[in-house]
Each structure stands twice: as structure tokens, then as C-alpha cells.
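Beneath this line is the structure, given in C-alpha cells, with notes to follow.
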Amino acid sequence: MASRPRSDATVVWTDRFLEYTWTPEHPMKPARLRFTIALARALGLLEGVELLAPAPAGEAELLRVHTPAYLEAVRHAEPAAPGALIPESAPYGLGTQDNPIFPRMHEAASVIVGGTLAAAGEIAAGRTRRAVSIGGGMHHAMAEAASGFCVYNDAAVAISWLLDNGFDRIAYVDVDVHHGDGVQRAFYGDPRVLTISIHQHPATLWPNTGWPEEIGAGPAEGTAINLGVQPGTRDAQWLRGLHAVVPGALAAFRPQLLVGQCGVDTHREDPLADLALTVDGQRAAFLAMREWADRYAEGRWLAVGGGGYGVVRVVPRAWTHLLATALDRDIDPATATPAEWIEQIHTYAPAVEPPRTMGDGTPPEFTRWDGPGGAPDTGDPRADRAQRAIDTAVLATRRAVYPLLGLDPEDPRD
Ligand SMILES: [Zn+2]
């Protein structure tokens, strides 16, 4: 942790991330990563940036989080014959509709973990303060099961590795539309790791966990935080909720490093969930993470990808903004998407209308939460209802966990 940083940000990338390929019908398509890197390159964002190519994670690293039996099962998993009946549940979660077995699954998933580990290694060695691996973010993978398109839990493996390599207070902030259940589970009893997840309300979306009452166990009580937001939530309310819960907890926890899971399936066009964020709102969240890392985590920020199924119109722009944010090369959302990139999209995805600008044309303005009962009447009943809904969620979360962090749940300064 001592030596001088070589640069402010490291971008981890290998074309091998594209080998994490489910079935042709599966919503998680590697093209989302390919289109992202193509867009970042077309904008000149990666000029002069050395891309760090990771090695696959080894067995010892995977075993930090997963069981030997599960690793064996992934290694020897055989794809189902064409036309075979797909079970809803299967041993180790392998071979289901969500997690169909694909060739060289173990190798592909190990490279994803290797990417996040490489990012962690650069930060731990003091060579960089920020590192991004958009291939990572497989936050649903469990110790002994694939789940929700996730085979190996790269973020959990990297956090575990960091705990053995100089860090003992790590904060994990997960903005994916789904609850970050796998990472929460991995550190539920470990007071050295604070996990915070903002997600669509568990009563309305898989995996149906992430209730405010999930606060960590034993010595780790108070180090799991969950904010569930209603379907239809837009930028203004989502950002109000995020800011009402996360910075206060980070200030109290004083992490040495912030891990951000940057899933972008919160977008209004995402086919798998029901929130209504824009790319501009997602960009605002990444800018906030950068600021929080600088303010509360000694400048260290490890960012990974996650969900996001708007393969052409959402993920490439959102994660290009993520890369830009980490590199301190912020891109104005009004910037036109380059003609060269639009042409590529026309070639590879002729049925989809590519976005013409880097934002959705909606500046993500929000008013800060200022305590219970503080939401003003705007005269717009729909906006007022949305504001009350997010404020109810904020209070439930703060009341469940803030006292355990020594904070006052009703004081907006905390
Ligand atoms: Zn997700």
C-alpha cells in the first residue's frame, strides 16, 4: 500500500471476457462488453491508457469463496443436448434456464474473476488508486451454486484476497437493479466488510432478498445495508435514496477501499427489471462513487460491471461513462456517439436503433433527503407519491441499521 501510484486509474480488459457466452437466446450477451469497448475507443477515451490483461484466477483463489465440490461441478459440466428439457432447479444451479451450461464455462468464469483480482492487485500494490473491470460484477454467485447468470463471484473473491493483503475495512456498494445477495452472503458475519445494496424492492423482483432487516450477523451486525426501491423509480428518487443512505454509512465505517458493483439494469429500457433510470442517472451514480472513494476511502476505488441487458442502447454508454469517470476523463452526456461506432452497431445489430448522444437528455437532478417528514408538496401528486415512497424506504433502512453504526437514522446530517 506504500509505493507511489503509477497512474490514477487502471482499466482491465481482455477479449477473453467475451468467452463468457451463455446460449444465443440468453439475455446476458458478451456483445454488451464488445460494444462498450468499441464506443470507448471510438471516443478516444482509451488513448494512452494501457489495458491490463488478466490471467484466469487459480483454484486457490476461487476456493476463497467457493467449495471444492462446486468447482468440480463447473469444470465437468456438460451442455444439455439440443431440445432437452430445461429444469427450473438443478444441482449447483447449473443447467437451468438462467444458468445453462456452456463450453469451457470454468475457464471463462475464471478469467472474469482474474480480471477483478488483477484490479485489486494493482490497487493493493499501490500502482493505481482506481481500477475498473467491466467484465466483473457477478454478484449472485454463491459458495456452492451458480445463480442469476453468475458462475464465480469475482467481487467476493477479490474482497477476500484484499483482506489477506493489507486491507481490513472494505466497503462494497452495489447499484445493480438486483440485490447483491452473493456478496452480502459471503461477508454477512464479517465486520471487516460493509456491503450496501440499492435495488428494486425484494417483494417485486428476483432474488427477493435485500430487505432492510438484513443487517449482518453476530459481530458484523450493522455491516449489511439494504435499500429496496419501488418499481418505476426514476433518477431523482433513486439518487435521493442513494445519497440518503450510502455516504453516511461510509463516513462512519471509514473504509480503506470502495468496491463498486456498477450493474446498469436499472435503466428504463432494461428488459429484465422495472426501474426507470436514465444513462444520465447511472452516470451520476458513478460520479458519486468516485467522490465517495476520494472522500471516505483514501481515494481507492475498484469498480466492476454487473447486470445490464440493454446491449446496444444502454450498457455501452453507461459503462463508457464508468471508464471515463475512473480515468478523470468525464464525458458530457450531450456528446454525440461517434459515426464509426454507429456504423458498427448497424452492422452487428441492424434491428436496433443506436443512441445518438451519450445521455438520454434528462439531467439527473434530485433534492436531498432532509429527515422524516421533510418531503415538500410540489403540487404534482405523482411526483409527491414517488418522493414519499423513496422516503419511506430510506427511513426503514436507516432505522434498521444506522444506530448500529453509531448514527442517528432521523438526522439528515448523518
Ligand atoms: Zn442485475
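I need the GluC sites (Glu not before Pro) found in the range 156-265, filtered to DSSP loop residues with at most 12 other beta carbons within 10 Å of theirs.
Values: sites: 213, 214, 221; in loops: 213, 214, 221.
Within the range 156-265, the qualifying GluC sites (Glu not before Pro) (loop, at most 12 other Cβ atoms within 10 Å) are 213.
Which one, 306, 320, 336, is farthest towards the positive end of the dipole of the range 297-340 when Lys and Arg carry +1 and Asp and Glu -1 on their Cβ?
Most positive-ward Cα: 306.
Could you pull the Rg and Dmax for the chain, using just the Cα atoms, both in Å?
20.1, 61
Using Cα centres only, tell me the gap between the range 276-304 and the range 150-222 in whole Å.
17
Using +1 on the beta carbon of Lys and Arg, -1 on that of Asp and Glu, and nothing else charged, what's the dipole of the range 1-75 about the Cα centre, debye to 20?
The dipole of the range 1-75 has a size of about 140 debye.
For the peptides 104-110, 65-71, what is the packing order when you average, over each peptide's residues, the other Cβ atoms within 10 Å and list the highest mean first?
104-110, 65-71
Could you size up the charge dipole of the chain around its Cα centre, putting +1 on the beta carbon of Lys and Arg and -1 on that of Asp and Glu, and report it in debye to the nearest 20? Display every interim value, and only then the final one.
On the way: 35 positive and 51 negative charges, 126 e Å.
Taking the Cα centre of the chain as origin, the dipole is about 600 debye.
What 222 nm value per residue comes from the helices of the chain, counting each DSSP H run with n ≥ 4 as -39,500 (n - 2.57) and dividing by all residues, nearest 500 deg cm²/dmol?
-10500 deg cm²/dmol
How big is the charge dipole of the range 313-414 about its Cα centre, in debye rounded to the nearest 20, if each Lys and Arg gets +1 on its Cβ and each Asp and Glu gets -1 on its Cβ?
So the magnitude is around 280 debye.
Taking every alpha carbon pair in the range 57-111, what does the distance histogram look like in 5 angstrom bins from 0, in percent?
4, 19, 29, 23, 15, 6, 3, 0
With just the Cα atoms defining each centre, how far is the range 98-114 from the range 1-73? Give it in Å.
Comparing the Cα centres of the range 98-114 and the range 1-73, I get a distance of 12 Å.
Taking Cα pairs under 8 Å and at least six residues apart, what relative contact order does the chain come out at, in percent?
Computed value for the chain: 17 percent relative contact order.
Only helices at least 20 Å long along their axis, Cα-based, and averaging -1.0 or more on Kyte-Doolittle count here, so list those DSSP H runs from the chain.
105-124, 235-253, 279-296, 381-401
Looking at 247, 45, 227, which one has the Cα that reaches farthest to the positive end of the dipole of the chain (charges on Cβ: Lys, Arg +1; Asp, Glu -1)?
Going by the Cα projections, it comes out as 45.
Each value in this text was obtained by applying a stated rule to the coordinates, not by laboratory testing. Remember, it's a predicted structure, so these values are computed and weren't measured experimentally. Positions of Cβ are generated from backbone atoms using ideal geometry, with glycine treated the same way; all protein chains shown enter the neighbour counts.
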